[in-house]
1. Would you check if SER15 is at pLDDT below 50 and either under 16 Å from LEU85 (Cα atoms) or surrounded by fewer than 12 Cβ atoms within 10 Å (Cβ to Cβ) (or both)?
2. Here are GLU122, GLU91: which of them is among the acidic types (Asp, Glu), at pLDDT 95 or above and in a strand (DSSP E or B)?
3. Scan segment 139-161 residue by residue and report those that are buried (at least 16 other Cβ atoms within 10 Å of the Cβ), not small (Gly, Ala, Ser) and not in a loop (DSSP other than H, G, I, E, B).
4. Quick check, is ALA97 surrounded by 16 or more Cβ atoms within 10 Å (Cβ to Cβ) and in contact (Cβ under 8 Å) with a residue 60 or more places away in the chain?
5. With the requirement that a residue be in contact (Cβ under 8 Å) with a residue 40 or more places away in the chain and surrounded by 18 or more Cβ atoms within 10 Å (Cβ to Cβ), what does segment 100-138 give you?
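The values are calculated or read from the model by the stated rules, or taken from the named source; none is laboratory data. On a predicted model such as this, the values are computed, not experimentally measured, just so you know. Because the Cβ atoms are built from the backbone with ideal geometry, glycine has one as well, and the counts that use them run over all protein chains shown.
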Amino acid sequence: MKIVFATILLWLIFSCRESSTPLTAVYLAPQIPAITVDRSDTALHLVNGVWLWKGQPFSGTMQTWYPSGQLRITQQLYAGREEALMRSYYENGNREAQRFYRNGEKDSVHRGWWLNGQLQYEYHYRNGEYEGDFKEWYPSGSASKHIAYHQGKEQWGKGWRENGKPYMSFVMRDGRLYGLINPNLCYSLKNERGEYVENSAE
């Protein structure tokens, strides 16, 4: 009986050790120097996707300002690439977007807000690809779209007009799309790049 108990105890100990090993692989963000450079600095250049400052890949914080003096964008960089947080603001000071980067790739949760403060979108990324929920809302706060992604590929999706009427409902199976898709939205949405996508109403 003691031998059986000891065997079970050893199995539990080693099982716990094995299950905890992925925790050691947690991403360690690089230490970003406390250096801030204005985007308009003539010594700052974007070359082949890498930000150079005085000819060297820049590590620090890059900022952009409105003519009024209000902060527009603050972006952390490491070795010339986007790293950690990027925050942007409307000219009235309200938050516009918050995004996270790892090694220059979009990662984790990206959120954007309408000028009135309502959440506009929430996108989930992993290593530069959509992974998980992709959600959008109208300025009124009502849901506009909800799509689930895995490894950058759509799994299923739903969409609603501002009055709550569904315009999209689909599921992907074996690489084929099944369901209803009607892209004629009744409201103009702004994507993550800040571009308005015009759609005609029914």
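1. Working: at pLDDT below 50: yes; either under 16 Å from LEU85 (Cα atoms) or surrounded by fewer than 12 Cβ atoms within 10 Å (Cβ to Cβ) (or both): yes.
It is true that SER15 is at pLDDT below 50 and either under 16 Å from LEU85 (Cα atoms) or surrounded by fewer than 12 Cβ atoms within 10 Å (Cβ to Cβ) (or both).
2. Working: GLU91 fails: in a strand (DSSP E or B).
So the residue among GLU122, GLU91 that is among the acidic types (Asp, Glu), at pLDDT 95 or above and in a strand (DSSP E or B) is GLU122.
3. LYS145, HIS146, ILE147, TYR149, TRP156, LYS158, TRP160 - these are the residues of segment 139-161 that are buried (at least 16 other Cβ atoms within 10 Å of the Cβ), not small (Gly, Ala, Ser) and not in a loop (DSSP other than H, G, I, E, B).
4. On the way: surrounded by 16 or more Cβ atoms within 10 Å (Cβ to Cβ): yes; in contact (Cβ under 8 Å) with a residue 60 or more places away in the chain: yes.
When the stated conditions are applied, ALA97 passes them.
5. In the first step, residues of segment 100-138 are kept if they are in contact (Cβ under 8 Å) with a residue 40 or more places away in the chain; the result is 102, 104, 110, 112, 120-121, 123, 136, 138.
Correct list: ARG102, HIS110, GLY112, GLN120, TYR121, TYR123, GLU136, TYR138.
Every residue, every condition in (1) at pLDDT 90 or above; (2) more than 19 Å from TYR130 (Cα to Cα); (3) touching a strand residue (DSSP E or B) at 6+ places or on another chain (Cβ under 8 Å); (4) in the same structural domain as ILE73 (by TED's automatic domain parsing), yes or no:
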{"site": "SER144", "(1), (2), (3), (4)": "yes, no, yes, no"}
{"site": "ILE147", "(1), (2), (3), (4)": "yes, no, yes, no"}
{"site": "GLU154", "(1), (2), (3), (4)": "yes, no, yes, no"}
{"site": "GLY164", "(1), (2), (3), (4)": "yes, yes, no, no"}
{"site": "SER188", "(1), (2), (3), (4)": "no, yes, yes, no"}
{"site": "TYR196", "(1), (2), (3), (4)": "no, yes, yes, no"}
{"site": "SER200", "(1), (2), (3), (4)": "no, yes, no, no"}
